[in-house]
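Novice: Starting off with a structure, shown below.
Derivation of every value follows stated rules applied to the coordinates shown; laboratory data play no part. Owing to the predicted nature of the structure, the values given are computational and were not obtained by experimental measurement. Please note: Cβ atoms are built from the backbone with ideal geometry, for glycine as well, and neighbour counts cover all protein chains shown.
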Amino acid sequence: MNAPIKSVIRSKTFALTALALPLTLGLAACGSGDDAEASISGEPVAEVSAPDGQVWSEIAQKTDRGGYLVGNPDAPIKLVEYGSLTCPACAAFSMQASEPLMNDYVDTGRVSFEFRSFVIHGPLDLALTRLVDCGTPEQAVPLADQVWANLPTIMQPLQERGPQLESALNLPEDQRFVAFGETAGLLDFFASRGISRDQARTCLADAGQLTRTAELSQTYGTQDDITQTPTFVLNGKKLDESSWAAVEAALQRAGAR
């Protein structure tokens, strides 16, 4: 369903929303294999207490790469996920890993987690990324988890309302993603999760920020050499596997034990 929707975005300003990145998801291997993962090792790291009255998993900030860093910003073990909000494998990881990652690792202060939304599946990915960004940094990762937990419901309108969504994307730049979000049911979805409809409309009407989001996401492929989602980077090294079992094992090898 993405192909016809992409084809209607014709203006130069929003050419990036088609996101014709040189990626073939699921076909290219991530990381540099066992040698890279074997080099991730360290002595056990001591826990670091959160500021009084807080827990690390409820502390977040936006990063200069457009990600959302949760936890101790000075944690010696840094995990980064490049994930697409419309990626079923990312959704599966979220449902399996979110609670143990936050409770057993981020809350210890030894591990920070940064999520970078890789906009690779056209307008829906871009709209979702903008809406996740519409609240506070503390809301972003929980909102992403909510998107993944409800992915079949979110994807359904693309099959049922294709012509209406295409028409929305032919509107002027400050209207097209507002209409797209309304037609796709995204405003109702986020309104029930703390992002008001007016707040969402304002975010989706910001053509400049949508373009910046798409451009920054494009650098994940061109600069960071990310070729599939999810891809995990631990202390600067790509992990060869993306299951929670493999990521947890890498965290423990790095010293989160």
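Novice: For each of 244, 148, count neighbouring Cβ atoms within 10 Å of the residue's Cβ, then give the residues from fewest to most.
Specialist: Going from sparsest to densest Cβ surroundings: 244, 148.
Novice: Taking the number of other C-beta atoms within 10 Å as the exposure measure, put 45, 247 in order starting with the fewest.
Specialist: Ascending number of Cβ neighbours within 10 Å: 45, 247.
Novice: By count of other Cβ within 10 Å, fewest leading, how are 133, 125 ordered?
Specialist: In order of increasing Cβ crowding within 10 Å: 133, 125.
Novice: Roughly what would the spin-label model give for residue 138 and residue 92, points 7 Å off Cα along C-beta, in nm?
Specialist: 3.4 nm
Novice: Another question, then. List the aspartates and glutamates whose alpha-carbon lies under 13 Å from that of residue 237, not counting same-chain residues fewer than 8 positions away?
Specialist: Filter leaves 34, 35, 37, 81, 224, 225.
Novice: Apply the Karplus curve 6.51 cos²θ - 1.76 cosθ + 1.60, θ = phi - 60°, to the phi angles in segment 44-52 and return the couplings in whole Hz, x for Gly and Pro.
Specialist: Per-residue couplings from phi come out as x, 9, 6, 5, 10, 6, 6, x, 3 Hz.
Novice: Read phi for every residue in segment 110-121 and hand back ³J(HN,Hα) as whole Hz from Karplus 6.51 cos²θ - 1.76 cosθ + 1.60, θ = phi - 60°, with x for Gly and Pro.
Specialist: So the J values, rounded to whole Hz, are 8, 10, 10, 10, 10, 9, 10, 7, 8, 7, 10, 10.
Novice: While we're looking at this one, here's another question. Output ³J(HN,Hα) for segment 169-185: one whole-Hz value per residue in order, computed from phi by the Karplus curve 6.51 cos²θ - 1.76 cosθ + 1.60 with θ = phi - 60°, and x for Gly and Pro.
Specialist: 6, 8, 6, x, 4, 7, 10, 5, 7, 5, 5, 4, x, 4, 5, 7, x
Novice: If you don't mind, another one. Assign one of three labels to segment 34-113, namely rounded, prolate or oblate, based on the Cα gyration tensor with a ≥ b ≥ c the square roots of its eigenvalues; rounded applies when a/c is under 1.5, prolate when it is not and a/b is larger than b/c, and oblate otherwise.
Specialist: Because a/c hits 1.5 or more and a/b fails to exceed b/c, segment 34-113 counts as oblate.
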